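The structure appears right after this line, and notes come after that.
The values are calculated or read from the model by the stated rules, or taken from the named source; none is laboratory data. Please read these numbers as outputs of a predicted model, since none were measured by experiment. When we count neighbours, we look across all protein chains shown, and the Cβ atoms used for this are built from the backbone with ideal geometry, even at glycine. Heavy atoms of the whole protein, side chains included, go into the accessibility calculation; ligands, DNA and RNA do not. Shrake-Rupley method; radii C 1.70, N 1.55, O 1.52, S 1.80 Å.
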Amino acid sequence: MSARELKRILMVDDEADIRTVACLSLEALGGFTVQLCDSGSEAAKTAMAFNPDLILLDVMMPGMDGPSTLKTLRAQTETAAIPVIFMTAKVQAQEVDHYKKLGALDVIAKPFDPMTLAANVSQIWMNAYV
């Protein structure tokens, strides 16, 4: 099996500061192309047009939360197979297990370290696809 290459990331978070820091980290340190969304409903639409390799998805957002957004993405043919990594402050073992059962590749704890975010995302990707 050949390795899937990770280039395009859709970052979904309702907090502008987190989106900005994550985007800078992923672009500058990871060399990724990043598209930002501030809500689950926006992510569901944007994912179809942007066609990301991976979605970084905040769990707790007003309106459509992360798990609901993932369910919506999985229900759309165009986005059903896009891998998702949840980002959340809730990283107890049972919560991480729950998110993985929902279909997430993994969970990244918030607050995250901007200096290691791109490497963490790349490592999760490598573990899943290489």
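Taking the numbered list (1) farther than 19 Å from residue 25 by Cβ; (2) touching a helix residue (DSSP H, G or I) at 6+ places or on another chain (Cβ under 8 Å); (3) touching a residue at least 40 places away in the same chain (Cβ under 8 Å) in turn, residue 51 passes all entries but (2). At pLDDT 95 or above, within 21 Å of residue 128 (Cα to Cα) and among the small types (Gly, Ala, Ser), is that true of residue 30? So residue 30 fits the description; yes.
So how many residues does the stretch 99-120 have that are open to solvent by less than 40 Å² (accessible area, probe 1.4 Å) and closer than 15 Å to residue 19 by Cα? Number of matching residues: 5.
Can you find a residue that is among the charged types (D, E, K, R), surrounded by 15 or more Cβ atoms within 10 Å (Cβ to Cβ), in contact (Cβ under 8 Å) with a residue 12 or more places away in the chain and under 24 Å from residue 96 (Cβ atoms) anywhere in the stretch 28-40? The answer is no; no qualifying residue exists. Here residue 98 clears all of (1) assigned to a helix (DSSP H, G or I); (2) touching a Ser or Thr at 6+ places or on another chain (Cβ under 8 Å) except the condition numbered (2). Looking across the stretch 50-97 at every residue that is hydroxyl-bearing (Ser, Thr, Tyr) and under 20 Å from residue 9 (Cβ atoms), the one that is most open to solvent (accessible area, probe 1.4 Å) is identified as 72.
Of all residues in the stretch 102-127, those satisfying the criterion of being in a helix (DSSP H, G or I) and more than 18 Å from residue 79 (Cα to Cα) are 117, 118, 119, 120, 121, 122, 123, 124, 126, 127.
When the residues of the stretch 72-95 are filtered to those that are in contact with a helix residue (DSSP H, G or I) (Cβ under 8 Å, 6 or more places away or on another chain) and in a helix (DSSP H, G or I), the one that is farthest from residue 29 (Cα to Cα) is 72.
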